[in-house]
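First up is the structure itself, then whatever we jot down about it.
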Amino acid sequence: MSAFILYLAVTLALLWLWSRCVRNISRAAALVLIALPLLFTGRALILGRVYAPIDLPFMSEPLHAYRADFGLGEPHNASLSDLYQQIIPWKQAVRASWAKGEWPLLNPYMLCGDVLAASAQPAPYDPFELIALLIPLAKALTFGAAITFFIAAFSAFVFARALACREPASLVAAAAWMCSASIAFMVGWPLARAWALLPFVLFAVHMVVHETSLRSGVVLTTAFTLEILAGHPETLFHVIALGALYGIFELFGARASRPQSASVSLDDGGGSLEEGHGSLDDSRVFLDDGRVSLDDGPVSLDVSRRPGRPTTAGGTPALRAIAIAGAAGLIALGITAVFLMPFMDAAPQSFQHAARVWFTGQKFTSPPGVIARRALVMLVPWDKMRYQEPDAGGTGFVVIGFAIAALVVARKRRETWFFFTLFAICALAGINAPPVAQILHSLPLFDVAINQRFAFAADLFLAMLAALAVDSLKRPHLILGLLLIERIAEVGNYYPSISQRAFYPYVPTLSAIPQKSDEPFRIAGQHYMLIPDAAAFYGLEDARGYSAMNNWRLRDTFPLWSVPQAASFNVIGDPTKPFLAFLNIRYLLTPLDSDPGPMWNLVATDKGGKLYENNGVLPRAFIPQWIWYRRTKNQVRKEMLEADDFRNSAWVEVPEYPNQNVVNGSGTVKTRRANNGYLLDANMQHPGWIIVSETAWDGWRAYIDGRRVQHRIANLAFIGVHVPEGRHKVQLIFLPDAFTRGRAISFATLGLIAISALSRAAIRGRRRARRPV
């Protein structure tokens with residue numbers, strides 16, 4: 001039950017810290033918030049099962065033949081395929097890096113060496129992902145889903161409380177947002193974690209406007225930092241845009257609203273002012289010039305403001321709030337520079353970035369059938385349609401009904417029409433409907449984003465409208481139960497709960513691949529054998545891969561050895577292509593009826609397929625006989641597509657040289673993995689080029705005997721190093737300048753924060769010492 005224990009420890013600590021440092025949460029509400037995620041993940045948490053689609057790897061060989069051995073039948077939900085092909089293997093790669101004492105910069109398990117932290121979605125610095133390192137990955141998946149549900153519920157709850165909703169209504173907001181279809185479906189993705197934080201960001205914005213203090217700045221900085229580190233930069237942009245709109249609304253709306261709602265905690269006849277909302281016998285409380293009045297009676301009570309916690313009913317200058325928000329954003333950027341800067345450096349090197357840039361110049365259209373389907377999915381909880389449009393949103397009829405009531409019959413609040421306007425805009429964007437979708441696509445930054453994901457925000461604003469309506473009821477407690485019954489019946493079965501025994505088990509063909517070797521090697525599967533990126537779980541390096549950021553140069557080599565699909569990974573169909581040997585693919589998994597040809601020797605056979613070894617594989621680093629100097633990658637691409645010999649010849653891009661073919665120096669080289677890269681023991685009889693079949697992302701550094709040298713692009717997408725005569729130690733390390741600069745900025749920012757906190761504590765200590773006893 002380690003995942004369950006860790007979940008309880010983390011949630012209790014967060015709630016205690018919040019009540020102590022920000023705003024009080026009653027014990028009853030805290031218990032409900034902790035319990036809400038268990039409606040989805042409770043069985044897996046308590047019984048030690050896995051709340052993730054780990055049955056999907058059994059859809060293909062070599063695991064498919066063994067699914068009955070692990071108690072598995074047909075896939076529970078095949079639409080969760082990105083989780084087992086991308087998200088979960090990335091988590092494994094991050095863990096492997098941390099376990100070796102390395103920064104999670106390089107993913108050797110896919111695409112001939114891929115970026116890891118720089119691809120953003122592995123989210124290696126997310127605090128909750130770091131906490132999850134305390135338990136095995138199989139259990140951490142369940143913990144991660146539970147925490148995402150909790151973050152969604154908690155964030156919506158505190159935001160509703162900031163709007164002066166009573167706790168029962170705020171719990172309705174929490175449940176409605178947590179149980180929204182997009183959160184429930186995408187809970188395993190960084191996408192859902194990033195959107196789950198939206199109400200927390202809105203709460204922090206509200207707090208900065210109404211309490212321009214150091215404390216509100218710290219809360220907003222925390223919200224920004226968590227949002228950035230959640231691992232989905234596109235959602236970060238969407239959330240910040242919504243936060244800015246809400247901040248403008250609060251800055252202008254709060255000044256015109258009198259009396260200002262506030263919060264009072266009353267106990268045993270005593271009173272003290274708190275921000276937010278307090279209640280006495282289910283009566284709402286309002287603050288007006290220091291007096292507290294109950295909205296359903298003539299009773300009034302004088303209370304004093306607590307020192308150091310000013311509210312802003314219009315008295316706080318807007319510029320101060322804007323300054324605090326700006327400072328919070330800059331500090332958050334400083335803290336997260338180690339994460340953001342490598343991403344911004346790697347993104348332009350990807351095929352997907354080029355596709356997004358191309359998309360900006362295109363007219364945005366969406367077929368009427370797609371718009372209608374997404375609109376229907378948003379309204380009707382129908383699983384088969386949901387699987388086609390998993391991010392189309394949806395909150396259920398109870399929430400929709402109370403949201404309508406907020407507009408029609410409930411007491412109108414300042415936020416009512418603002419939330420409805422944002423819901424309408426986000427819903428139209430979420431279904432790709434004109435003119436909203438077209439307007440967004442015409443705006444800078446929005447033109448490269450997938451704006452249909454605003455459907456998440458539409459769900460939140462519906463949840464908040466429903467909470468405002470429920471808060472008007474005298475006894476709102478029953479609504480929470482009704483809502484939960486409906487939503488769990490509708491969205492509670494998206495994910496399976498599976499025994500840990502089925503978490504990427506070994507089968508005979510995989511066991512036959514050596515776990516240790518004198519030199520690194522790669523494996524691959526023919527057709528749909530061993531779906532990428534599953535090799536990470538077996539410590540194996542796959543030449544194929546599925547990534548949201550494919551290196552553009554590597555993708556240009558795909559015609560030489562594989563076939564890219566419209567989505568997902570690249571498929572190896574013809575195992576006789578000579579480029580496979582260059583890629584250091586020593587082992588190939590094939591179907592039982594496959595015969596890959598004479599270059600492959602059979603190693604093992606079982607009911608899940610065959611394992612072959614390449615008898616002509618090239619080592620990871622080798623010395624070719626000929627070097628073809630070319631000035632541009634277009635020349636290299638054209639010639640390589642027409643070539644059939646990659647053993648004796650290699651292309652090196654050197655713009656300053658004329659096109660020429662030269663004899664390469666001879667020698668020997670031995671390779672081993674070391675510290676996010678390689679150590680090469682090179683013994684060169686004559687100066688020459690060593691070619692390394694590692695994807696040449698920007699950030700590789702080459703050293704010869706400790707002296708940094710310039711490396712070149714070889715064979716269109718790989719690394720070439722020119723080594724002088726004699727025996728030398730050549731080190732290749734993946735250490736991008738963007739990472740080292742970002743790390744320095746992050747450490748400096750954290751250091752300044754620590755110094756500032758210690759200085760403030762020291763000053764407070766001296767002030768206390770000077771006070772008379």
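Tell me, yes or no, whether region 319-326 has at least one residue that is touching a residue at least 12 places away in the same chain (Cβ under 8 Å), surrounded by fewer than 20 Cβ atoms within 10 Å (Cβ to Cβ) and over 21 Å from the mean Cα position of the chain (by Cα).
If we filter region 319-326 for residues that are touching a residue at least 12 places away in the same chain (Cβ under 8 Å), which is where we start, we get 320-322, 324-325.
Going one step further and asking which of them are surrounded by fewer than 20 Cβ atoms within 10 Å (Cβ to Cβ), we end up with 320, 322.
Those still in the list that are over 21 Å from the mean Cα position of the chain (by Cα) too: 320, 322.
Yes, region 319-326 contains a residue that is touching a residue at least 12 places away in the same chain (Cβ under 8 Å), surrounded by fewer than 20 Cβ atoms within 10 Å (Cβ to Cβ) and over 21 Å from the mean Cα position of the chain (by Cα).
I'd like the full set of residues that are in contact (Cβ under 8 Å) with a residue 40 or more places away in the chain, over 18 Å from S649 (Cα atoms) and open to solvent by less than 40 Å² (accessible area, probe 1.4 Å), limited to region 696-717. Show your work before the answer.
In the first step, residues of region 696-717 are kept if they are in contact (Cβ under 8 Å) with a residue 40 or more places away in the chain; the result is 696-699, 712-717.
Narrowing further to those that are over 18 Å from S649 (Cα atoms): 696-699.
The answer is A696, W697, G699.
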With the structure loaded, tell me whether A372 is more than 25 Å from A173 (Cα to Cα) and of a type in the set (G, A, S) or whether it fails that test. yes
Just one of (1) among the hydroxyl-bearing types (S, T, Y); (2) touching an Asp or Glu at 6+ places or on another chain (Cβ under 8 Å); (3) under 27 Å from M110 (Cβ atoms) trips up S79, so point out which. (2)
Which listed residue is under 30 Å from S562 (Cα atoms) and either over 16 Å from the mean Cα position of the chain (by Cα) or in contact (Cβ under 8 Å) with a residue 40 or more places away in the chain (or both), from L163, L106: L106
Run down F364, F359 and say which single residue is part of a loop (DSSP other than H, G, I, E, B), open to solvent by 30 Å² or more (accessible area, probe 1.4 Å), within 26 Å of A244 (Cβ to Cβ) and not basic (K, R). F364
Is one or more of the residues making up region 699-711 farther than 25 Å from R522 by Cβ and among the hydroxyl-bearing types (S, T, Y)? no
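Taking the conditions exactly as written (over 30 Å from L105 (Cβ atoms) and out of contact with any Lys or Arg (no Cβ under 6 Å at 6 or more places or on another chain)), does P619 satisfy them or not? Working first, answer last.
On the way: over 30 Å from L105 (Cβ atoms): no; out of contact with any Lys or Arg (no Cβ under 6 Å at 6 or more places or on another chain): yes.
So P619 fails the test.
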Note on region 118-150: residues open to solvent by less than 10 Å² (accessible area, probe 1.4 Å), within 21 Å of L17 (Cα to Cα) and among the aliphatic types (A, V, I, L, M) are A132, A146, I147
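Is there a residue being closer than 27 Å to G401 by Cβ and not in a helix (DSSP H, G or I) anywhere in region 215-234?
First, pick out the residues of region 215-234 that are closer than 27 Å to G401 by Cβ: none.
No, region 215-234 contains no residue that is closer than 27 Å to G401 by Cβ and not in a helix (DSSP H, G or I).
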Yes or no: region 510-526 includes at least one residue that is in contact (Cβ under 8 Å) with a residue 40 or more places away in the chain and under 24 Å from the mean Cα position of the chain (by Cα). no
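Of all residues in region 95-117, count the ones that are assigned to a helix (DSSP H, G or I) and either acidic (D, E) or open to solvent by 10 Å² or more (accessible area, probe 1.4 Å) (or both).
Residues of region 95-117 that are assigned to a helix (DSSP H, G or I), as a first pass: 95-99, 117.
Right, trim to either acidic (D, E) or open to solvent by 10 Å² or more (accessible area, probe 1.4 Å) (or both) and you get 95-96, 98-99.
Count: 4.
Having 1 or more residues that are charged (D, E, K, R) is the bar; report the helices (runs of 4 or more DSSP H) wholly within region 424-516 that clear it.
On the way: elements: 436-441, 455-470, 477-491, 508-511.
Where helices (runs of 4 or more DSSP H) fall fully within region 424-516 and carry at least 1 residues being charged (D, E, K, R), they are 455-470, 477-491.
Just checking, how many residues over region 37-53 are crowded, with 24+ Cβ neighbours inside 10 Å and either touching a Cys at 6+ places or on another chain (Cβ under 8 Å) or in a loop (DSSP other than H, G, I, E, B) (or both)? Give the steps one after another, and end with the answer.
Of all residues in region 37-53, those crowded, with 24+ Cβ neighbours inside 10 Å come to 37, 40-41, 44-45, 50-53.
So of that shortlist, the ones also either touching a Cys at 6+ places or on another chain (Cβ under 8 Å) or in a loop (DSSP other than H, G, I, E, B) (or both) come out as 37, 51-53.
The total comes to 4.
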Given the options I147, I135, name the one that is touching a Ser or Thr at 6+ places or on another chain (Cβ under 9 Å) and either part of a loop (DSSP other than H, G, I, E, B) or modelled with pLDDT under 95 (or both). I135
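Does N648 satisfy the criteria of being surrounded by 14 or more Cβ atoms within 10 Å (Cβ to Cβ) and among the polar types (S, T, N, Q)?
no
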A548 vs (1) at pLDDT 95 or above; (2) open to solvent by 30 Å² or more (accessible area, probe 1.4 Å): all pass except (1)
Any chance L191 is over 30 Å from P53 (Cβ atoms) and crowded, with 23+ Cβ neighbours inside 10 Å: no
Residue pairs within 7 Å by beta carbon, gap of at least six or interchain, first lying in region 613-624 and more than 14 Å from I691 (Cα to Cα), second in a loop (DSSP other than H, G, I, E, B) and modelled with pLDDT under 95, listed first then second, are N614/M599; N615/M599; G616/M599
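Search region 651-684 for residues being among the polar types (S, T, N, Q) and closer than 26 Å to A99 by Cα, and hand back the single one that is surrounded by the fewest Cβ atoms within 10 Å (Cβ to Cβ). Reasoning before the result, please.
Let us first name the residues in region 651-684 that are among the polar types (S, T, N, Q), namely 659-661, 664, 666, 668, 671, 675-676, 683.
Among the residues that remain, those that are also closer than 26 Å to A99 by Cα are: 671, 675-676.
On the way: T671: 22, N675: 16, N676: 21.
It comes out as N675.
Going residue by residue through region 164-187, is there one that turns out to be open to solvent by less than 10 Å² (accessible area, probe 1.4 Å), over 21 Å from L484 (Cα atoms) and at pLDDT below 95?
Pass one, region 164-187, residues open to solvent by less than 10 Å² (accessible area, probe 1.4 Å): 164-165, 169-170, 172-185, 187.
Remaining after also requiring over 21 Å from L484 (Cα atoms): 164.
Within this subset, residues satisfying the condition of being at pLDDT below 95 are 164.
Yes, there is a match, as at least one residue in region 164-187 is open to solvent by less than 10 Å² (accessible area, probe 1.4 Å), over 21 Å from L484 (Cα atoms) and at pLDDT below 95.
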Within the group N77, N24, which residue is touching a residue at least 24 places away in the same chain (Cβ under 8 Å) and open to solvent by 60 Å² or more (accessible area, probe 1.4 Å)? N24
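Among P532, P520, which is the only one that is surrounded by 23 or more Cβ atoms within 10 Å (Cβ to Cβ) and assigned to a loop (DSSP other than H, G, I, E, B)? Show your work before the answer.
Values: P520 fails: surrounded by 23 or more Cβ atoms within 10 Å (Cβ to Cβ).
Of the residues listed, the single one that is surrounded by 23 or more Cβ atoms within 10 Å (Cβ to Cβ) and assigned to a loop (DSSP other than H, G, I, E, B) is P532.
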Could you tell me which of the residues G720, G751 is open to solvent by less than 90 Å² (accessible area, probe 1.4 Å), under 19 Å from E653 (Cβ atoms) and either not aromatic (F, W, Y) or not in a helix (DSSP H, G or I) (or both)? G720
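If you take the residues of region 301-334 that are assigned to a helix (DSSP H, G or I) and over 22 Å from T222 (Cβ atoms), which of them is modelled with the highest pLDDT? Show your work before the answer.
Filtering region 301-334 down to residues assigned to a helix (DSSP H, G or I) leaves 318-334.
Those left that are additionally over 22 Å from T222 (Cβ atoms): 318-319.
Details: A318: 86, L319: 90.
The selected residue is L319.
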What number of residues in region 556-605 are in a loop (DSSP other than H, G, I, E, B), open to solvent by less than 30 Å² (accessible area, probe 1.4 Å) and aliphatic (A, V, I, L, M)? 1
Checked region 183-224 for anything touching a Ser or Thr at 6+ places or on another chain (Cβ under 6 Å) and of a type in the set (V, I, T); matches are V187, V208, T212
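Suppose we keep only residues that are open to solvent by 20 Å² or more (accessible area, probe 1.4 Å) and in contact with a helix residue (DSSP H, G or I) (Cβ under 9 Å, 6 or more places away or on another chain) within region 463-477. Which one would you say is nearest to F159 (Cα to Cα)? Before you say what the answer is, go through the steps one by one.
To start, the set of residues in region 463-477 that are open to solvent by 20 Å² or more (accessible area, probe 1.4 Å) comprises 472-475, 477.
Filter once more, so that each one left must be in contact with a helix residue (DSSP H, G or I) (Cβ under 9 Å, 6 or more places away or on another chain): 472-473, 475, 477.
On the way: S472: 17, L473: 19, R475: 21, H477: 19 Å.
Here the residue is S472.
Within region 606-691, considering only strands (runs of 3 or more DSSP E) that don't extend past its boundaries, which have at least 3 residues that are closer than 30 Å to P591 by Cα and either at pLDDT 95 or above or among the basic types (K, R) (or both)? Lay out the reasoning, then the answer.
Values: elements: 609-614, 626-630, 649-653, 660-663, 667-673, 677-684.
Of the strands (runs of 3 or more DSSP E) lying wholly inside region 606-691, those with at least 3 residues that are closer than 30 Å to P591 by Cα and either at pLDDT 95 or above or among the basic types (K, R) (or both) span 609-614.
The values are calculated or read from the model by the stated rules, or taken from the named source; none is laboratory data. Source: prediction; values computed, not measured. Neighbour counts are summed over all protein chains in view; Cβ atoms, including those assigned to glycine, are modelled from backbone coordinates with ideal geometry. For the accessible areas, the whole protein counts, side chains as well, though only heavy atoms, and no ligand, DNA or RNA atoms are used. Shrake-Rupley method; radii C 1.70, N 1.55, O 1.52, S 1.80 Å.
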